[in-house]
1. Rank ARG384, ARG92, ARG210 by mean-square fluctuation in a GNM of the chain with C-alpha springs under 10 angstrom and give only the top-ranked residue.
2. For the stretch 20-165, give the percent of accessible area contributed by carbon and sulfur heavy atoms, probe 1.4 Å, rounded to a whole number.
3. Of LYS74/LYS174; LYS171/LYS275; LYS235/LYS370; LYS9/LYS126; LYS213/LYS393; LYS228/LYS277, which ones are farther than 25 Å apart at the Cα?
4. Name the residues of the stretch 77-96 whose amide N is less than 20 Å from a point 7 angstrom out from the Cα of LYS58 along the C-beta direction?
5. Quote the accessible area belonging to SER26 in square angstrom, nearest 10, computed with a 1.4 Å probe and with ligands, DNA and RNA left uncounted.
6. Just to confirm a number: summing +1 for Lys and Arg and -1 for Asp and Glu over residues other than ASP225 whose beta-carbon lies under 12 angstrom from that of ASP225, what do you get?
7. Per residue, how large is the accessible surface of the stretch 247-377? Use a 1.4 angstrom probe and give square angstrom.
8. With every protein chain present, what is the per residue accessible area of the stretch 1-85 (1.4 Å probe, Å²)?
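The values are calculated or read from the model by the stated rules, or taken from the named source; none is laboratory data. Treat the numbers as computed from the prediction; the structure is a model and nothing was measured. Reconstructed Cβ throughout: ideal geometry from the backbone, glycine too, with neighbour counts over all protein chains shown. These accessible areas exclude ligands, DNA and RNA; they are computed on the full protein's heavy atoms, side chains included. Shrake-Rupley method; radii C 1.70, N 1.55, O 1.52, S 1.80 Å.
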Amino acid sequence: MSQLNNTLKLLNLKDENIIFYDNYLSEGVIKGKRSLIFEGYLTYTPEGCPCCGCVFDKNIVKHGYKLSKLTVPKISNLASYLYLYKQRYKCRHCNHTFSCTTNEIDKYCYISNNTKHSIALEATKKISEKDIAINNNVSHSTVNRIIDSYQSHIKVCRNYLPKNLCFDEFKSVKSAVGAMSFNFCNADTGEIIDIVEDRRLYSLTRYFSRYSKDARSKVKNIVIDMYKPYIVLIKTMFPNANIITDKFHTVQLVNRALNKTRISLMNKDKLNYNKLKRYWKLLLRDRDSLNHYKFQKYTCFNHLMTEVDIVDYLTSLDITLNESYLFYQRVRQAISSKDTQAFDNIIDTHCSNLSSYMITARNTLIEHRKYIHNSINCNLTNARIEGINNLIKVIKRISFGYRSFLHFKARILLISGLIKPTYNSI
Ligand SMILES: [Zn+2]
């Protein structure tokens, strides 16, 4: 009896109606792999006939066994199978036959529920679905099916939204309606709230209109990048929310403009091409963090220099680059020192020699002035959602891409912990 219990524990089975034969364990080759085979039978006295509904009496008689070959989780890294002989009964009232059933396995299914659970648990880790299939000795499509079964577990509460939200997008699967999909999370905890297939305005408006007006009006702050439709969306759907443009995106905007200015100069000035190309990072760095006392030899320069000397040399080459550089540095400093007044002064002061790229960037800053002020005045950023987007990229890469958006979404939510696999949920 204790051996029976141990075997049930070993296979992680709970049903004590499963009884193992005396010589229940053997080794064999199944599908070309060395495998462990457990043999047992399932029997109990049924309450009645499931076909006609009559209660158990002498007219329900034993009627042989039916063999089911079940896949169970691997043991000692060997594929394991349970050959389960299920007791069959015949009902003489209705002349039908039926088999004993167990909670360990679903009807018409040959993969035990604990194998399915183990697959779901592995699907929460950052490993490819093919590897999950190999680890659990099942086919890739079984893994797919189990992950897909979690789609129905995605439940979004339409009557509540957190006070602070982050909006962002990520490159979606090919079959998705829009090229980019939209995700949004709680800005304080970083918890994903939902993922929407299409980030275009009309689809997001339709999506958010499903939330109650009360939930939407309680949202206080929303952090976004500088994607215009989000602003329109927030103004129409979130009447009381402050729009905050993410600091990182603001700096990135001027950063890119400066880089383009440098490249256009680089392509004109063949003499300094190498220097402009090699030391691009120094131009983009915060000027205060540059080294100004350590002289050393730098490639492309003949004499000893400091990092500040190099930057000064590069900016002295061209007045447009110089002014764009100064503009960039001032914007960075105003944002990092949280000085809205200084920020206004910088973008309102007319500079005659800014590059065309920087002028465009400045116009964007002027346009988003109010939202950038909000970002300077509060500590909310998009950092958490950018982290989620990185995770999404990793998920996509480990699986070499996804075809179905809903499947991809289920996997993202499993890995990020929003859906938790439970034994009964399959
Ligand atoms: Zn019957």
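1. Among ARG384, ARG92, ARG210, the largest mean-square fluctuation in the Gaussian network model of the chain belongs to ARG92.
2. Of the solvent-accessible surface of the stretch 20-165, carbon and sulfur hold 50 percent.
3. LYS74/LYS174; LYS171/LYS275; LYS9/LYS126; LYS213/LYS393; LYS228/LYS277
4. Under cut-off, by backbone N: 89-96.
5. About 50 Å², rounded to the nearest 10.
6. -1
7. 54 Å²
8. Value returned for the stretch 1-85: 61 Å² of accessible area per residue.
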